[in-house]
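Q: The following block contains the structure, expressed as structure tokens.
The values are calculated or read from the model by the stated rules, or taken from the named source; none is laboratory data. Computed from a predicted structure; not experimentally measured. We place every Cβ from the backbone using ideal geometry, glycine too, and count neighbours over all the protein chains shown. Protein only, heavy atoms only, side chains kept; ligands, DNA and RNA dropped before computing areas. Shrake-Rupley method; radii C 1.70, N 1.55, O 1.52, S 1.80 Å.
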Amino acid sequence: MIGNPPYFKYEGNHKGEIETLKKQKELKSAFGGKLNAYKLFLAKALSSLLSDNGTICYIFQNSFLADQQASLLRKEVFNSSQIISIDSFPERDNPKKRIFESVKMSVCIPLIKKCKADESFTVYFWDDKYKSSGIKTVYTKNDIFSIDSKYYTIPRIRTEYIGLMKKLRKLKTLPLKCYEGELNMTFHKPYFISDISKPKILKGASIQRYYYTENMSQGEIEYLNENKYLRDFSGEKTQHHELDRIAMQGMTGANDKIRIIMALIPKDIYLANSCNYLLPTKEFPPKYLLGLMNSKLINWYFRCFSTNSNVNGYEVEAFPVPNATPAQQAPIIALVDKILAAKKLDINADTSDFESQIDELVYTLYGLTEEEKDIIRGK
């Protein structure tokens, strides 16, 4: 079977169709999170259209590889079938490199055989539609289960880096809780005003590495009618502005070298939903958390699992964060203090030396070998 399922989400006027589709047992693995049409097509093919030893080749969203919302479908593929190969074409800013020039969306082309087998399979992560360069990775099912026994994600790494990824995933870590900015830029728009005496609202474009700016590349700074907002809304998130927190851009360029961009945001500033944020805890003092999250290791880890430009909260919550002692945190905090002081004087200040020192402390925190450090450094 060869196919190109429609690039379509069941939402808006089509939301009502979901309950009817859920009643069809052969589509069970397609559900979880937002319902994309390709998930229905693949679930149907595997459950009732393909005969034993039949093979399917579809082209659809690249999110199949790592998106949490496709985890049931990946589980079904690994349990009932054998992946032969996958050609992955990540999102590209250059239209000439895309499979479909008018569509920025990343796509993949899996070749799947309906049979009980446990053979290795190859994933090609291409840099462009011409397959002129890219990464070739050979996985076994055990590799996938070892890397992610819950969601069965297929990360974008070289074969020789699989061992490092398994090591990071096996670390005993502390959980993170990532929130979306408390103000929805559509739903809460009536509360946005231009009165500079009111609390500031920061959007994703304001968040930069270690600082935030009011001179954004797009949009403008707005302010919140706080009294009206707090009168009309209640709940946990309406109180988070009372704390210092770590904000991050909710969307970064899929081709950018640095994908995780975080800054320390002082209390009494609100965040729009184009930002995500982390709250400090007794285990995670804000400056330690900021240094760790902006490190090369965390950025490398995120890039391995990201299939599009979104920085999803569940992806951030999956970061392996070791339980560091206060003594281990202290030198990272001291370096973050130096970076923040430099950025306060001049946002263009070169803090790369301090950031490199943080990277080295983080490598030690995770117990990396010299060879593993070179992988993260890109050598």
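Q: Just to confirm my numbers, what's the Cα centroid distance between the range 6-46 and the range 86-134 in Å?
A: 23 Å
Q: Moving to a separate point now. Karplus couplings for the range 84-92 from phi (6.51 cos²θ - 1.76 cosθ + 1.60, θ = phi - 60°), rounded to Hz, Gly and Pro as x?
A: Result, ordered by residue: 8, 6, 9, 9, 10, 10, x, 4, 10 Hz.
Q: Right, here's the next one. How much of the DSSP bridge set in the chain is antiparallel, in percent, rounded to the nearest 5?
A: The antiparallel fraction comes to roughly 80 percent.
Q: Under the rule a/c < 1.5 gives rounded, and otherwise a/b versus b/c splits prolate from oblate, where does the range 246-312 land using the Cα gyration tensor?
A: Oblate shape, in that a/c is at least 1.5 and b/c is the bigger or equal ratio.
Q: Work out the length of the dipole vector of the range 260-379 about its Cα centre, built from +1 on the beta-carbon of each Lys and Arg and -1 on the beta-carbon of each Asp and Glu, and round it to the nearest 20 debye.
A: About 280 debye.
Q: Round to the nearest 0.05 the FRET efficiency obtained for residue 196 and residue 371 when R0 = 35 Å and r is the Cβ-Cβ distance.
A: Once the sixth-power term is evaluated, E becomes 0.10.
Q: Let me check something: with ligands and nucleic acids excluded, how do 55, 351 order by accessible area (1.4 Å probe), largest to smallest?
A: Sorted descending by solvent-accessible area, the residues read 55, 351.
Q: Compute the distance in nm between two label points, each set 7 Å from the Cα along the Cα-to-Cβ direction, one at residue 34 and one at residue 145.
A: Rounded to a tenth, the inter-label distance reads 3.2 nm.
Q: Also, I was wondering about something else. At a threshold of 8 angstrom on Cα-Cα distance, excluding pairs fewer than six apart, so keeping six or more, what relative contact order does the chain reach in percent?
A: 14 percent
Q: For the range 240-255, list residues with backbone N below 14 Å from a point placed 7 Å from the Cα of residue 135 toward its Cβ?
A: Label zone hits: 255.
Q: Which listed residue (51, 161, 3) has the Cα farthest towards the positive end of the charge dipole for the chain, taking +1 on Lys and Arg C-beta and -1 on Asp and Glu C-beta about the Cα centre?
A: 51
Q: Right, next: State the dimensionless ratio Rg/Rh of the range 193-277 (Rg: radius of gyration of Cα atoms; Rh: Kirkwood radius).
A: Reported Rg/Rh, Kirkwood definition of Rh: 0.98.
Q: Taking a threshold of 26 Å on the Cα-Cα distance, which of the pairs 189/267; 15/96; 23/114; 167/203 fall above it?
A: Table pairs above 26 Å Cα-Cα are 15/96; 167/203.
Q: Could you work out the mean projected area of the convex hull around the alpha carbons of the range 1-85, in square nanometres to one decimal?
A: 5.4 nm²
Q: Could you sort 135-142, 108-115 so that the peptide with the highest average Cβ count within 10 Å comes first and the rest follow in order?
A: Output ranking for 135-142, 108-115: 108-115, 135-142.
Q: Could you work out the pair-distance distribution P(r) of the chain from its alpha-carbon pairs, with 10 angstrom bin width and percents rounded to whole numbers?
A: Cα pair-distance distribution for the chain, in percent: 5, 21, 29, 26, 15, 5, 0.
Q: Something else: How do the peptides 144-157, 170-183 rank, highest first, by the average count of neighbouring beta carbon atoms within 10 Å per residue?
A: 144-157, 170-183
Q: Taking the simple approach of a point 7 Å from Cα along Cα-to-Cβ for both residue 242 and residue 124, what is their distance in nm?
A: 5.7 nm
Q: While we're here: Mind checking the full-extension length gain between residue 166 and residue 20? Use 0.36 nm per residue of separation minus the Cα-Cα distance, one decimal, nm.
A: Length gained, residue 166 through residue 20: 48.6 nm.
Q: What spacing in nm lies between the two simple spin-label points modelled at residue 209 and residue 356, each 7 Å away from Cα in the Cβ direction?
A: 1.3 nm
Q: Helix-derived [θ] at 222 nm for the chain: sum -39500 (n - 2.57) over DSSP H runs of at least 4, divide by residue count, nearest 500?
A: The helix-only estimate for the chain comes to -8500 deg cm²/dmol at 222 nm.
Q: Holding the Cα-Cα limit at 32 Å, pick out from 116/150; 28/296; 237/343; 104/343; 97/177; 113/166 the pairs that are longer than that.
A: Exceeds cut-off: 28/296; 104/343; 97/177.
Q: Still on this structure: Straight-line reach from residue 136: which lysines fall under 16 Å, measuring Cα to Cα and dropping same-chain residues less than 8 apart?
A: List returned: none.
Q: On average over all directions, what projected area in square nanometres does the range 110-177 have, based on the convex hull of its Cα atoms?
A: Seen from a random direction, the Cα hull of the range 110-177 projects 6.4 nm² on average.
Q: For a protection proxy built on the mean count of beta-carbon atoms within 10 angstrom, sort 286-293, 45-52 highest first, please.
A: Those peptides, ordered most packed to least, come out 286-293, 45-52.
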